[in-house]
1. Could you check, for segment 28-36, whether at least one of its residues is in contact (Cβ under 8 Å) with a residue 12 or more places away in the chain, of a type in the set (Phe, Trp, Tyr) and farther than 19 Å from Phe113 by Cα?
2. Does Ser123 satisfy the condition of being more than 15 Å from Tyr6 (Cα to Cα), touching a residue at least 24 places away in the same chain (Cβ under 8 Å), in contact with an Asp or Glu (Cβ under 9 Å, 6 or more places away or on another chain) and not charged (D, E, K, R)?
3. Just one of Thr89, Thr61, Thr42 is loosely packed, with under 15 Cβ neighbours inside 10 Å, under 25 Å from Lys15 (Cα atoms) and either of a type outside the set (D, E, K, R) or touching a helix residue (DSSP H, G or I) at 6+ places or on another chain (Cβ under 7 Å) (or both); which is it?
4. Restricting the search to segment 84-103, which residues are in contact (Cβ under 8 Å) with a residue 12 or more places away in the chain and either over 14 Å from Asp32 (Cα atoms) or part of a helix (DSSP H, G or I) (or both)?
5. Kindly evaluate Ser76 against the criterion of being farther than 22 Å from Ser114 by Cα and either without any contact (Cβ under 8 Å) to a residue 12 or more places away in the chain or surrounded by fewer than 13 Cβ atoms within 10 Å (Cβ to Cβ) (or both).
6. Can you tell me which residue in segment 15-27 is nearest to Ile86 (Cα to Cα), limited to those that are part of a helix (DSSP H, G or I) and in contact (Cβ under 8 Å) with a residue 40 or more places away in the chain?
Amino acid sequence: MTITIYGIKSCSTMKKAFTKLDELGVSYNFHDYKKQGIDKETIQRWVDSLGIDKVLNKRGTTWRKLEDAQKQAADSDVDKSIDLLIENTSMIKRPIVEGARVDKNQPILLCGFSEAEFDKVFS
């Protein structure tokens, strides 16, 4: 199983995800998009699979600090939303877990942390 977990190291939700993956014995690569950034193609792939409403975190401080014009532009145009996510990676819902289960020949793309979902996918 090849897994990459995307997020921000200091995030409490990320820490829960790391702990759960460790408990399940899942090896993973960590991509810290605060330090490493994120490219448009990756975000586009997530949005195409999960939808912008799942990937864009509107509950966080960064979203609330945006100007109303930026919020309206993001709400009306997915490309503008993706550009905002590239500029403000803290608005990407965490964690995003991507990879494949080689044993089941099955792609994995999870957004957000759910202990039950992690158990189901990785057990």
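1. No.
2. Judged against the criteria, Ser123 is not a match.
3. Details: Thr89 fails: loosely packed, with under 15 Cβ neighbours inside 10 Å; Thr42 fails: loosely packed, with under 15 Cβ neighbours inside 10 Å.
So the residue among Thr89, Thr61, Thr42 that is loosely packed, with under 15 Cβ neighbours inside 10 Å, under 25 Å from Lys15 (Cα atoms) and either of a type outside the set (D, E, K, R) or touching a helix residue (DSSP H, G or I) at 6+ places or on another chain (Cβ under 7 Å) (or both) is Thr61.
4. Leu84, Leu85, Ile86, Thr89, Ser90, Met91, Gly99, Ala100, Arg101, Val102, Asp103
5. The answer is yes for Ser76.
6. Among residues in segment 15-27 that are part of a helix (DSSP H, G or I) and in contact (Cβ under 8 Å) with a residue 40 or more places away in the chain, the one nearest to Ile86 (Cα to Cα) is Ala17.
All of the numbers you see were taken from the coordinates with simple rules; none came from a lab. None of these values were measured; they are calculated from a predicted model. When we count neighbours, we look across all protein chains shown, and the Cβ atoms used for this are built from the backbone with ideal geometry, even at glycine.
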